[in-house]
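The values are calculated or read from the model by the stated rules, or taken from the named source; none is laboratory data. Being a predicted model, the structure only gives us computed values, none of them experimental. Using ideal geometry, Cβ is built from the backbone for each residue, glycine included, and neighbour counts are taken over all protein chains shown.
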Amino acid sequence: MNHKILIVDDEPKNLKLLKDILEVTGYTVLVAGNGREAIEAAMIHRPDLILMDLNLPVMDGMAATKILKNNPNTSDIPVLVLSGSVPGDNIRMGKTGCDGYITKPFNLGDLRNKIQEHLSK
């Protein structure tokens, strides 16, 4: 099965790097540059997984995740936060319903393993 992954990041270099890595691995990749775009893309395309940065313009990643997790149409989509480690993030993320956390800079093997783990559930 060809899984769809939505990458949400406001940094074009990060989007390109992740998109290239995931497409080579065989995933269909969607991109969004802010939390509002992420919500729209998730509602329209129903990705199998979302990689969400926290620090985004327009709407941050935590607010977007909370909206997605409270919507019955998107609540079952796993959201993995992909962000630099900030003290207190784990507690705040737990309140939004994030399904996991990948710290930037990430290890390619760890990224692939976490994605596969959440797609196989």
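Listed here are the residues, each with its yes/no results for (1) free of Cβ contacts under 8 Å to residues at least 40 places away in the same chain; (2) β-branched (Val, Ile, Thr); (3) under 18 Å from Ser83 (Cα atoms); (4) buried (at least 17 other Cβ atoms within 10 Å of the Cβ).
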site	(1), (2), (3), (4)
Asn2	yes, no, no, no
Asp9	no, no, yes, yes
Lys19	yes, no, yes, yes
Thr28	yes, yes, no, no
Val31	yes, yes, yes, yes
Gly35	yes, no, yes, yes
Met43	yes, no, no, no
Ile50	no, yes, yes, yes
Asp53	no, no, yes, yes
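When each of Leu51, Leu68, Leu56, Leu30 is tested for being of a type in the set (A, V, I, L, M, F, W, C), modelled with pLDDT of 95 or more and closer than 14 Å to Asp10 by Cβ, the lone residue that passes is Leu51. Exactly one residue out of Asp20, Asp10 is in contact with a Pro (Cβ under 8 Å, 6 or more places away or on another chain) and either part of a loop (DSSP other than H, G, I, E, B) or over 17 Å from His118 (Cβ atoms) (or both): that is Asp10.
The single condition among (1) farther than 16 Å from Leu82 by Cα; (2) in contact with a Ser or Thr (Cβ under 6 Å, 6 or more places away or on another chain); (3) not small (Gly, Ala, Ser) that Val58 does not meet is (2).
Scanning the stretch 32-54 for residues that are assigned to a strand (DSSP E or B) and more than 23 Å from Lys121 (Cα to Cα) gives a single hit, Ala32.
Condition first: assigned to a helix (DSSP H, G or I) and surrounded by fewer than 13 Cβ atoms within 10 Å (Cβ to Cβ). Now tell me which residues in the stretch 55-76 satisfy that. Before you say what the answer is, go through the steps one by one.
Here is the first cut: in the stretch 55-76, the ones assigned to a helix (DSSP H, G or I) are 61-70.
Within the stretch 55-76, just Asn70 meets the criteria.
For the stretch 108-121, the tally of residues that are farther than 19 Å from Val29 by Cα and surrounded by 11 or more Cβ atoms within 10 Å (Cβ to Cβ) stands at 0.
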